[in-house]
Amino acid sequence: MAGPPAVIWEHELEGLLRYRELLPRLEEALGKFSSRDPAEVIQPVRMTVPLQKHHGFLGLMPTYMEKNRVLCTKFVCFYKREDGSTLPSTQSTVVLLDPEYGNIKAVMNGEVITRMRTAAASAISAKLLMCPEAEVLAILGSGVQALSHYEVFTEMFSFKEVRVWSRTGQGSERFCRSVSGPVRVCVSAEEAVRGADVIVTVTRCTEPVLFGQWVKPGAHVAAVGACRPNWRELDDVLMKEAVVYADSREGAMKESGDVILSGAEVFAELGDVINGTKPALREKTTVFKSLGMGVEDAVSAQLVFDQWEAKSCKS
Ligand SMILES: NC(=O)C1=CN([C@@H]2O[C@H](COP(=O)(O)OP(=O)(O)OC[C@H]3O[C@@H](n4cnc5c(N)ncnc54)[C@H](O)[C@@H]3O)[C@@H](O)[C@H]2O)C=CC1
Ligand SMILES: O=C(O)C1=NCCCC1
(Lines give C-alpha, C1' and ligand atoms only; values in the text may rest on other atoms or scores of the structure.)
(Ligands and ions follow the chains in the order given, each with its own letter.)
Protein backbone atom coordinates (compact mmCIF):
# COMPACT_ATOMS: atom_id res chain seq x y z
CA MET A 1 0.00 0.00 0.00
CA ALA A 2 1.48 3.34 -1.04
CA GLY A 3 1.90 6.06 1.56
CA PRO A 4 0.44 9.55 1.27
CA PRO A 5 1.78 11.73 -1.55
CA ALA A 6 4.59 14.19 -1.06
CA VAL A 7 3.27 17.73 -1.05
CA ILE A 8 5.83 20.08 -2.58
CA TRP A 9 4.89 23.72 -2.47
CA GLU A 10 6.14 26.98 -3.89
CA HIS A 11 9.04 27.88 -1.59
CA GLU A 12 10.52 24.37 -1.63
CA LEU A 13 9.98 24.04 -5.39
CA GLU A 14 11.93 27.20 -6.07
CA GLY A 15 15.02 25.58 -4.57
CA LEU A 16 14.55 22.32 -6.49
CA LEU A 17 14.03 23.51 -10.08
CA ARG A 18 16.93 25.16 -11.89
CA TYR A 19 17.18 26.17 -15.53
CA ARG A 20 20.49 24.42 -16.10
CA GLU A 21 18.91 21.02 -15.37
CA LEU A 22 15.47 21.85 -16.76
CA LEU A 23 16.59 23.09 -20.19
CA PRO A 24 18.19 19.84 -21.44
CA ARG A 25 15.29 17.71 -20.11
CA LEU A 26 12.79 20.00 -21.80
CA GLU A 27 14.64 19.95 -25.10
CA GLU A 28 14.75 16.15 -25.02
CA ALA A 29 11.03 16.00 -24.16
CA LEU A 30 10.07 18.33 -27.04
CA GLY A 31 11.96 16.02 -29.42
CA LYS A 32 10.26 12.93 -27.99
CA PHE A 33 6.85 14.58 -28.30
CA SER A 34 7.42 15.36 -31.98
CA SER A 35 8.58 11.80 -32.72
CA ARG A 36 4.91 10.78 -32.14
CA ASP A 37 6.12 7.49 -30.69
CA PRO A 38 3.46 6.46 -28.14
CA ALA A 39 6.07 4.62 -26.07
CA GLU A 40 7.83 7.97 -25.63
CA VAL A 41 4.94 10.41 -25.09
CA ILE A 42 1.17 10.23 -25.05
CA GLN A 43 -0.16 13.74 -24.60
CA PRO A 44 -3.55 14.79 -25.92
CA VAL A 45 -4.31 18.44 -26.61
CA ARG A 46 -5.41 20.17 -23.41
CA MET A 47 -9.09 19.72 -22.57
CA THR A 48 -10.70 22.96 -21.40
CA VAL A 49 -13.83 23.66 -19.39
CA PRO A 50 -15.13 27.24 -19.57
CA LEU A 51 -15.68 29.01 -16.22
CA GLN A 52 -18.01 31.49 -17.86
CA LYS A 53 -19.10 33.33 -14.73
CA HIS A 54 -15.44 34.03 -13.86
CA HIS A 55 -14.13 34.75 -17.39
CA GLY A 56 -11.77 31.83 -17.21
CA PHE A 57 -11.02 28.24 -18.16
CA LEU A 58 -9.96 25.06 -16.42
CA GLY A 59 -7.41 23.17 -18.51
CA LEU A 60 -6.59 19.49 -17.95
CA MET A 61 -3.15 18.44 -19.19
CA PRO A 62 -2.39 14.70 -18.79
CA THR A 63 0.82 13.08 -20.09
CA TYR A 64 2.24 9.56 -20.06
CA MET A 65 5.89 8.83 -20.87
CA GLU A 66 6.09 5.02 -20.83
CA LYS A 67 9.84 4.70 -21.38
CA ASN A 68 10.60 7.34 -18.75
CA ARG A 69 7.99 5.88 -16.34
CA VAL A 70 6.38 9.29 -15.89
CA LEU A 71 2.61 9.75 -15.48
CA CYS A 72 1.47 13.27 -14.73
CA THR A 73 -1.34 15.72 -15.06
CA LYS A 74 -1.64 19.44 -14.53
CA PHE A 75 -4.83 21.30 -13.66
CA VAL A 76 -4.54 24.90 -14.74
CA CYS A 77 -7.09 27.67 -14.34
CA PHE A 78 -6.50 30.78 -16.42
CA TYR A 79 -8.50 33.98 -16.50
CA LYS A 80 -9.04 37.16 -18.50
CA ARG A 81 -8.21 39.64 -15.73
CA GLU A 82 -8.80 43.37 -15.91
CA ASP A 83 -5.65 45.50 -15.83
CA GLY A 84 -5.04 46.55 -12.25
CA SER A 85 -6.52 43.30 -10.90
CA THR A 86 -4.34 41.86 -8.14
CA LEU A 87 -5.64 38.32 -8.78
CA PRO A 88 -3.24 35.94 -10.59
CA SER A 89 -4.15 35.19 -14.21
CA THR A 90 -3.00 31.57 -13.93
CA GLN A 91 -3.15 29.07 -11.03
CA SER A 92 -2.14 25.46 -11.36
CA THR A 93 -1.44 22.18 -9.58
CA VAL A 94 0.71 19.33 -10.89
CA VAL A 95 0.03 15.73 -9.86
CA LEU A 96 2.69 13.05 -10.39
CA LEU A 97 1.49 9.41 -10.33
CA ASP A 98 3.10 6.00 -10.32
CA PRO A 99 2.18 4.55 -13.73
CA GLU A 100 2.40 0.93 -12.47
CA TYR A 101 -0.08 1.24 -9.61
CA GLY A 102 -1.89 4.50 -10.31
CA ASN A 103 -1.26 6.03 -6.88
CA ILE A 104 -0.33 9.69 -6.52
CA LYS A 105 3.36 10.15 -5.67
CA ALA A 106 3.40 13.92 -5.36
CA VAL A 107 1.19 16.98 -5.49
CA MET A 108 3.04 20.13 -6.48
CA ASN A 109 2.22 23.76 -6.73
CA GLY A 110 2.19 24.49 -10.46
CA GLU A 111 3.19 28.16 -10.44
CA VAL A 112 6.96 27.69 -10.40
CA ILE A 113 6.83 24.83 -12.90
CA THR A 114 4.55 26.78 -15.27
CA ARG A 115 6.55 29.98 -15.22
CA MET A 116 9.94 28.23 -15.57
CA ARG A 117 9.08 25.61 -18.19
CA THR A 118 7.25 28.17 -20.35
CA ALA A 119 10.19 30.58 -20.29
CA ALA A 120 12.61 27.70 -20.88
CA ALA A 121 10.64 26.52 -23.95
CA SER A 122 10.78 30.08 -25.36
CA ALA A 123 14.53 30.20 -24.67
CA ILE A 124 14.97 26.92 -26.56
CA SER A 125 13.02 28.42 -29.49
CA ALA A 126 15.39 31.40 -29.47
CA LYS A 127 18.46 29.18 -29.27
CA LEU A 128 17.24 27.32 -32.36
CA LEU A 129 15.71 30.16 -34.37
CA MET A 130 17.18 33.59 -33.57
CA CYS A 131 20.01 35.04 -35.64
CA PRO A 132 23.39 34.25 -34.07
CA GLU A 133 24.31 37.94 -33.69
CA ALA A 134 21.13 38.85 -31.78
CA GLU A 135 21.76 41.92 -29.59
CA VAL A 136 18.38 43.34 -28.60
CA LEU A 137 15.61 41.56 -26.68
CA ALA A 138 12.16 43.15 -26.32
CA ILE A 139 9.55 41.90 -23.84
CA LEU A 140 5.91 42.96 -24.21
CA GLY A 141 4.12 42.50 -20.88
CA SER A 142 5.49 42.81 -17.35
CA GLY A 143 3.83 40.05 -15.32
CA VAL A 144 4.87 36.61 -14.07
CA GLN A 145 5.96 35.27 -17.46
CA ALA A 146 7.77 38.50 -18.36
CA LEU A 147 9.96 38.05 -15.27
CA SER A 148 10.76 34.37 -15.88
CA HIS A 149 11.52 35.12 -19.55
CA TYR A 150 13.88 37.93 -18.53
CA GLU A 151 15.58 35.58 -16.08
CA VAL A 152 16.25 32.70 -18.47
CA PHE A 153 16.98 34.79 -21.57
CA THR A 154 19.59 36.86 -19.76
CA GLU A 155 21.06 33.71 -18.18
CA MET A 156 21.35 31.90 -21.55
CA PHE A 157 22.25 34.72 -23.95
CA SER A 158 24.29 37.94 -23.89
CA PHE A 159 21.98 40.68 -25.15
CA LYS A 160 23.40 44.20 -25.33
CA GLU A 161 20.00 45.66 -24.55
CA VAL A 162 16.77 44.38 -22.96
CA ARG A 163 13.62 46.46 -23.42
CA VAL A 164 10.28 46.11 -21.72
CA TRP A 165 6.88 47.56 -22.51
CA SER A 166 3.82 47.30 -20.32
CA ARG A 167 0.38 48.79 -20.79
CA THR A 168 0.67 50.39 -17.39
CA GLY A 169 3.56 52.43 -16.00
CA GLN A 170 3.12 50.65 -12.67
CA GLY A 171 3.73 47.30 -14.40
CA SER A 172 7.03 48.49 -15.91
CA GLU A 173 8.17 49.95 -12.58
CA ARG A 174 7.39 46.71 -10.75
CA PHE A 175 9.22 44.74 -13.43
CA CYS A 176 12.33 46.93 -13.16
CA ARG A 177 12.35 46.59 -9.37
CA SER A 178 12.07 42.77 -9.62
CA VAL A 179 14.79 41.97 -12.18
CA SER A 180 18.43 41.82 -11.25
CA GLY A 181 19.90 43.35 -14.43
CA PRO A 182 19.54 46.37 -16.70
CA VAL A 183 16.36 47.03 -18.66
CA ARG A 184 15.10 49.93 -20.77
CA VAL A 185 11.46 50.86 -20.24
CA CYS A 186 9.65 51.81 -23.48
CA VAL A 187 6.52 53.91 -23.66
CA SER A 188 5.00 52.00 -26.57
CA ALA A 189 5.09 48.46 -27.89
CA GLU A 190 6.33 49.87 -31.20
CA GLU A 191 9.29 51.61 -29.53
CA ALA A 192 10.18 48.38 -27.73
CA VAL A 193 10.17 46.12 -30.78
CA ARG A 194 11.56 48.37 -33.56
CA GLY A 195 15.01 46.97 -34.41
CA ALA A 196 14.75 44.14 -31.82
CA ASP A 197 16.27 40.78 -32.77
CA VAL A 198 14.17 38.75 -30.35
CA ILE A 199 10.66 39.67 -29.18
CA VAL A 200 8.75 37.92 -26.40
CA THR A 201 5.00 38.54 -26.10
CA VAL A 202 3.71 37.62 -22.64
CA THR A 203 0.49 39.58 -22.32
CA ARG A 204 -3.09 38.73 -21.43
CA CYS A 205 -4.41 40.66 -24.41
CA THR A 206 -7.05 39.27 -26.74
CA GLU A 207 -6.38 41.66 -29.66
CA PRO A 208 -3.06 42.03 -31.51
CA VAL A 209 -0.39 43.92 -29.62
CA LEU A 210 2.51 43.16 -32.01
CA PHE A 211 2.26 44.24 -35.65
CA GLY A 212 4.30 42.84 -38.52
CA GLN A 213 5.17 46.27 -39.90
CA TRP A 214 7.20 47.00 -36.74
CA VAL A 215 9.17 43.74 -36.79
CA LYS A 216 12.69 43.70 -38.21
CA PRO A 217 13.10 41.09 -41.00
CA GLY A 218 14.90 38.07 -39.56
CA ALA A 219 13.70 38.70 -35.99
CA HIS A 220 12.50 35.83 -33.81
CA VAL A 221 9.21 36.16 -31.90
CA ALA A 222 8.27 33.91 -28.96
CA ALA A 223 4.49 34.37 -28.63
CA VAL A 224 3.33 33.03 -25.27
CA GLY A 225 -0.06 34.63 -24.54
CA ALA A 226 -3.36 34.37 -26.52
CA CYS A 227 -4.05 30.72 -25.77
CA ARG A 228 -7.66 30.61 -26.92
CA PRO A 229 -8.92 30.22 -30.51
CA ASN A 230 -10.43 33.74 -30.55
CA TRP A 231 -7.58 35.56 -28.73
CA ARG A 232 -4.74 37.33 -30.52
CA GLU A 233 -1.34 38.81 -29.70
CA LEU A 234 0.08 39.03 -33.23
CA ASP A 235 -1.49 40.56 -36.34
CA ASP A 236 -2.17 38.83 -39.67
CA VAL A 237 0.75 40.57 -41.40
CA LEU A 238 3.27 39.07 -38.98
CA MET A 239 1.62 35.65 -38.97
CA LYS A 240 1.61 35.47 -42.76
CA GLU A 241 5.12 36.88 -43.31
CA ALA A 242 6.84 34.77 -40.67
CA VAL A 243 7.73 31.10 -40.66
CA VAL A 244 5.58 29.71 -37.85
CA TYR A 245 6.83 27.07 -35.41
CA ALA A 246 4.74 25.67 -32.53
CA ASP A 247 5.23 23.43 -29.52
CA SER A 248 2.36 21.22 -30.73
CA ARG A 249 0.88 21.43 -34.21
CA GLU A 250 -2.47 20.02 -32.99
CA GLY A 251 -2.47 22.43 -30.04
CA ALA A 252 -1.85 25.41 -32.31
CA MET A 253 -4.61 24.35 -34.73
CA LYS A 254 -7.09 23.97 -31.86
CA GLU A 255 -6.13 26.74 -29.43
CA SER A 256 -4.20 29.53 -31.09
CA GLY A 257 -6.25 32.48 -32.37
CA ASP A 258 -3.08 33.82 -34.02
CA VAL A 259 -2.79 30.64 -36.11
CA ILE A 260 -6.47 29.87 -36.68
CA LEU A 261 -7.74 33.38 -37.46
CA SER A 262 -4.78 34.42 -39.64
CA GLY A 263 -4.89 31.18 -41.62
CA ALA A 264 -1.10 30.88 -41.22
CA GLU A 265 0.47 27.48 -41.72
CA VAL A 266 2.48 25.85 -38.92
CA PHE A 267 5.77 25.02 -40.62
CA ALA A 268 7.18 22.79 -37.88
CA GLU A 269 7.18 21.92 -34.20
CA LEU A 270 10.22 22.86 -32.11
CA GLY A 271 10.70 19.11 -31.60
CA ASP A 272 10.99 18.60 -35.37
CA VAL A 273 13.92 21.02 -35.40
CA ILE A 274 15.47 19.30 -32.38
CA ASN A 275 15.06 15.91 -34.13
CA GLY A 276 16.55 17.30 -37.35
CA THR A 277 13.45 16.48 -39.40
CA LYS A 278 12.64 20.16 -40.16
CA PRO A 279 15.10 23.03 -40.65
CA ALA A 280 15.66 26.03 -38.37
CA LEU A 281 15.19 28.96 -40.76
CA ARG A 282 17.20 31.48 -38.72
CA GLU A 283 17.61 33.93 -41.58
CA LYS A 284 13.82 34.35 -41.87
CA THR A 285 11.42 36.11 -39.54
CA THR A 286 10.21 33.34 -37.25
CA VAL A 287 7.36 33.00 -34.76
CA PHE A 288 7.32 30.34 -32.05
CA LYS A 289 3.69 29.96 -31.01
CA SER A 290 3.75 28.56 -27.48
CA LEU A 291 0.56 27.09 -26.02
CA GLY A 292 2.17 25.07 -23.24
CA MET A 293 2.25 21.27 -23.12
CA GLY A 294 1.64 18.62 -20.48
CA VAL A 295 4.91 16.91 -21.40
CA GLU A 296 6.77 20.06 -20.32
CA ASP A 297 5.06 19.89 -16.92
CA ALA A 298 5.67 16.13 -16.67
CA VAL A 299 9.46 16.31 -17.12
CA SER A 300 9.64 19.35 -14.83
CA ALA A 301 7.65 17.56 -12.11
CA GLN A 302 9.80 14.43 -12.42
CA LEU A 303 12.93 16.57 -12.10
CA VAL A 304 11.53 18.23 -8.96
CA PHE A 305 10.55 14.83 -7.51
CA ASP A 306 14.00 13.33 -8.19
CA GLN A 307 15.68 16.26 -6.43
CA TRP A 308 13.18 16.14 -3.58
CA GLU A 309 13.78 12.38 -3.04
CA ALA A 310 17.55 12.84 -3.16
CA LYS A 311 17.30 15.64 -0.59
CA SER A 312 14.96 13.60 1.65
CA CYS A 313 17.38 10.60 1.58
CA LYS A 314 20.27 12.82 2.71
CA SER A 315 18.42 14.33 5.67
N1 LIG B 1 2.15 29.35 -23.51
C2 LIG B 1 2.21 28.91 -22.27
O3 LIG B 1 2.72 27.84 -21.98
C4 LIG B 1 1.67 29.79 -21.18
C5 LIG B 1 1.00 30.93 -21.49
N6 LIG B 1 0.56 31.75 -20.50
C7 LIG B 1 -0.08 32.98 -20.94
O8 LIG B 1 0.92 34.01 -20.92
C9 LIG B 1 0.32 35.29 -20.69
C10 LIG B 1 1.04 35.99 -19.55
O11 LIG B 1 0.88 35.25 -18.37
P12 LIG B 1 1.35 35.84 -16.95
O13 LIG B 1 2.62 36.57 -17.11
O14 LIG B 1 1.25 34.75 -15.98
O15 LIG B 1 0.18 36.89 -16.67
P16 LIG B 1 0.24 38.22 -15.77
O17 LIG B 1 -1.15 38.53 -15.43
O18 LIG B 1 1.23 38.04 -14.67
O19 LIG B 1 0.82 39.33 -16.78
C20 LIG B 1 0.08 39.71 -17.92
C21 LIG B 1 0.63 40.98 -18.53
O22 LIG B 1 -0.20 41.34 -19.66
C23 LIG B 1 -0.53 42.73 -19.57
N24 LIG B 1 -1.79 42.98 -20.26
C25 LIG B 1 -3.04 42.66 -19.87
N26 LIG B 1 -3.92 43.04 -20.81
C27 LIG B 1 -3.21 43.60 -21.82
C28 LIG B 1 -3.55 44.19 -23.06
N29 LIG B 1 -4.81 44.24 -23.47
N30 LIG B 1 -2.56 44.66 -23.85
C31 LIG B 1 -1.28 44.59 -23.45
N32 LIG B 1 -0.89 44.06 -22.27
C33 LIG B 1 -1.85 43.57 -21.47
C34 LIG B 1 -0.57 43.03 -18.08
O35 LIG B 1 -0.41 44.42 -17.84
C36 LIG B 1 0.63 42.20 -17.59
O37 LIG B 1 1.83 42.91 -17.79
C38 LIG B 1 -1.15 35.00 -20.41
O39 LIG B 1 -1.87 35.18 -21.61
C40 LIG B 1 -1.16 33.52 -20.03
O41 LIG B 1 -2.39 32.90 -20.28
C42 LIG B 1 0.78 31.49 -19.17
C43 LIG B 1 1.39 30.34 -18.81
C44 LIG B 1 1.87 29.37 -19.77
O1 LIG C 1 0.38 25.53 -20.46
C2 LIG C 1 -0.07 26.23 -19.53
O3 LIG C 1 0.20 26.02 -18.35
C4 LIG C 1 -0.95 27.36 -19.88
N5 LIG C 1 -1.16 27.58 -21.10
C6 LIG C 1 -1.99 28.59 -21.62
C7 LIG C 1 -2.74 29.36 -20.63
C8 LIG C 1 -2.30 29.33 -19.26
C9 LIG C 1 -1.52 28.16 -18.82
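All but one of (1) within 15 Å of ligand 1 (Cβ to nearest atom); (2) part of a helix (DSSP H, G or I) hold for residue 230; which doesn't?
(2)
So, in the range 128-142, exactly how many residues are touching a helix residue (DSSP H, G or I) at 6+ places or on another chain (Cβ under 7 Å) and either open to solvent by 10 Å² or more (accessible area, probe 1.4 Å) or closer than 19 Å to residue 158 by Cβ (or both)?
Step one: of the range 128-142, the residues touching a helix residue (DSSP H, G or I) at 6+ places or on another chain (Cβ under 7 Å) are 128, 137-140, 142.
Remaining after also requiring either open to solvent by 10 Å² or more (accessible area, probe 1.4 Å) or closer than 19 Å to residue 158 by Cβ (or both): 128, 137-139, 142.
Qualifying residue count, the range 128-142: 5.
What are the pairs, 6+ residues apart or on separate chains, where a residue within the range 191-217 that is on the phi > 0 side of the Ramachandran plot has its Cβ under 7 Å from a residue that is near ligand 1 (Cβ under 9 Å from one of its atoms)?
Nothing qualifies.
Determine which single condition residue 280 fails, assuming it passes every other condition in (1) over 13 Å from the mean Cα position of the chain (by Cα); (2) within 14 Å of ligand 2 (Cβ to nearest atom).
Checking residue 280 against (1) over 13 Å from the mean Cα position of the chain (by Cα); (2) within 14 Å of ligand 2 (Cβ to nearest atom), the one that fails is (2).
What number goes with the only condition from (1) open to solvent by less than 20 Å² (accessible area, probe 1.4 Å); (2) touching a Gly at 6+ places or on another chain (Cβ under 8 Å); (3) closer than 24 Å to residue 17 by Cβ that residue 299 does not pass?
So the condition that residue 299 fails would be (2).
Of the residues 216, 284, 240, 278, only one is assigned to a helix (DSSP H, G or I) and either of a type outside the set (D, E, K, R) or surrounded by fewer than 24 Cβ atoms within 10 Å (Cβ to Cβ) (or both); which?
Details: 216 fails: assigned to a helix (DSSP H, G or I); 284 fails: assigned to a helix (DSSP H, G or I); 278 fails: assigned to a helix (DSSP H, G or I).
Exactly one of 216, 284, 240, 278 is assigned to a helix (DSSP H, G or I) and either of a type outside the set (D, E, K, R) or surrounded by fewer than 24 Cβ atoms within 10 Å (Cβ to Cβ) (or both), namely 240.
Which condition from (1) within 18 Å of residue 287 (Cβ to Cβ); (2) touching a Phe, Trp or Tyr at 6+ places or on another chain (Cβ under 6 Å); (3) assigned to a helix (DSSP H, G or I) is the one that residue 149 breaks?
(2)
Could you list, in sequence order, all residues of the range 62-98 that are in contact (Cβ under 8 Å) with a residue 12 or more places away in the chain and near ligand 1 (Cβ under 9 Å from one of its atoms)? Give the derivation first.
First, the residues of the range 62-98 that are in contact (Cβ under 8 Å) with a residue 12 or more places away in the chain: 62-81, 83-84, 88-98.
Hits for the range 62-98 are 76, 78, 79, 80, 81, 83, 84, 88, 89, 90, 92.
Return only the number of the condition from (1) within 16 Å of ligand 2 (Cβ to nearest atom); (2) among the small types (Gly, Ala, Ser); (3) farther than 17 Å from residue 122 by Cβ that residue 262 does not satisfy.
(1)
Have a look at 179, 187, 221, 152 and point out the one that is over 26 Å from residue 112 (Cβ atoms) and among the β-branched types (Val, Ile, Thr). Spell out how you get there, then give the answer.
Working: 179 fails: over 26 Å from residue 112 (Cβ atoms); 221 fails: over 26 Å from residue 112 (Cβ atoms); 152 fails: over 26 Å from residue 112 (Cβ atoms).
Exactly one residue qualifies, and that residue is 187.
Taking residue 171 and the conditions (1) open to solvent by less than 20 Å² (accessible area, probe 1.4 Å); (2) at pLDDT 95 or above; (3) not polar (S, T, N, Q), which numbered condition does it fall short on, given that it satisfies the others?
Failing condition for residue 171: (2).
Can you tell me which residue is surrounded by the fewest Cβ atoms within 10 Å (Cβ to Cβ) among those in the range 29-77 that are of a type in the set (Phe, Trp, Tyr) and in a strand (DSSP E or B)? I'd like the intermediate steps shown before the answer.
Filtering the range 29-77 for residues of a type in the set (Phe, Trp, Tyr) gives 33, 57, 64, 75.
Still in the list and also in a strand (DSSP E or B): 57, 64, 75.
On the way: 57: 18, 64: 21, 75: 15.
My answer is 75.
Determine which member of the set 172, 158 is over 23 Å from residue 112 (Cβ atoms) and away from ligand 1 (no atom under 13 Å from the Cβ).
Numbers: 172 fails: away from ligand 1 (no atom under 13 Å from the Cβ).
Answer to the selection: 158.
Filtering the range 175-195 down to residues that are within 12 Å of ligand 1 (Cβ to nearest atom) and part of a helix (DSSP H, G or I), which residue is most open to solvent (accessible area, probe 1.4 Å)?
Start the filter on the range 175-195 by keeping residues that are within 12 Å of ligand 1 (Cβ to nearest atom), which leaves 175, 178, 188-189, 192.
Retained after the next criterion (residues that are part of a helix (DSSP H, G or I)): 175, 178, 189, 192.
On the way: 175: 1, 178: 72, 189: 9, 192: 0 Å².
Taking the candidates together, the pick is 178.
Looking only at the range 196-208, which residues are β-branched (Val, Ile, Thr), in a loop (DSSP other than H, G, I, E, B) and farther than 8 Å from residue 232 by Cβ?
Taking the range 196-208 and keeping what is β-branched (Val, Ile, Thr), we get 198-203, 206.
Of the ones still in play, those that are also in a loop (DSSP other than H, G, I, E, B) are 202-203, 206.
Within the range 196-208, 202, 203 meet the criteria.
Condition (residue is surrounded by fewer than 18 Cβ atoms within 10 Å (Cβ to Cβ), in a strand (DSSP E or B), within 12 Å of ligand 2 (Cβ to nearest atom) and not hydroxyl-bearing (Ser, Thr, Tyr)) applied to the range 78-101: is it met by at least one residue?
Narrowing the range 78-101 to residues surrounded by fewer than 18 Cβ atoms within 10 Å (Cβ to Cβ): 79-89, 91, 93, 98-101.
Now drop any that are not in a strand (DSSP E or B), which leaves 79, 91, 93.
Subsequent filtering for residues that are within 12 Å of ligand 2 (Cβ to nearest atom) retains 79, 91, 93.
In the following step, the residues that additionally are not hydroxyl-bearing (Ser, Thr, Tyr) were identified as 91.
Yes, that holds for at least one residue.
For the range 287-315, which residues satisfy the criterion of being within 16 Å of ligand 2 (Cβ to nearest atom) and in a helix (DSSP H, G or I)? Let's see the steps before the verdict.
From the range 287-315, those within 16 Å of ligand 2 (Cβ to nearest atom) are 288-301, 304; that's our starting set.
Across the range 287-315, the qualifying residues are 294, 295, 296, 297, 298, 299, 300, 301, 304.
State whether one or more residues within the range 106-115 are more than 15 Å from ligand 1 (Cβ to nearest atom), touching a helix residue (DSSP H, G or I) at 6+ places or on another chain (Cβ under 7 Å) and in a loop (DSSP other than H, G, I, E, B).
Of the residues in the range 106-115, the ones more than 15 Å from ligand 1 (Cβ to nearest atom) are 106-108.
Narrowing the set further to residues that are touching a helix residue (DSSP H, G or I) at 6+ places or on another chain (Cβ under 7 Å) leaves 106, 108.
Now narrow it down to the ones that are in a loop (DSSP other than H, G, I, E, B): none.
Scanning the range 106-115 turns up no residue that is more than 15 Å from ligand 1 (Cβ to nearest atom), touching a helix residue (DSSP H, G or I) at 6+ places or on another chain (Cβ under 7 Å) and in a loop (DSSP other than H, G, I, E, B).
The values are calculated or read from the model by the stated rules, or taken from the named source; none is laboratory data. Please read these numbers as outputs of a predicted model, since none were measured by experiment. All Cβ positions, even for glycine, are placed from backbone atoms using ideal geometry, and neighbour counts span all protein chains on display. Side chains are part of the model used for accessible areas, which takes the heavy atoms of the whole protein and leaves out ligands, DNA and RNA. Shrake-Rupley method; radii C 1.70, N 1.55, O 1.52, S 1.80 Å.
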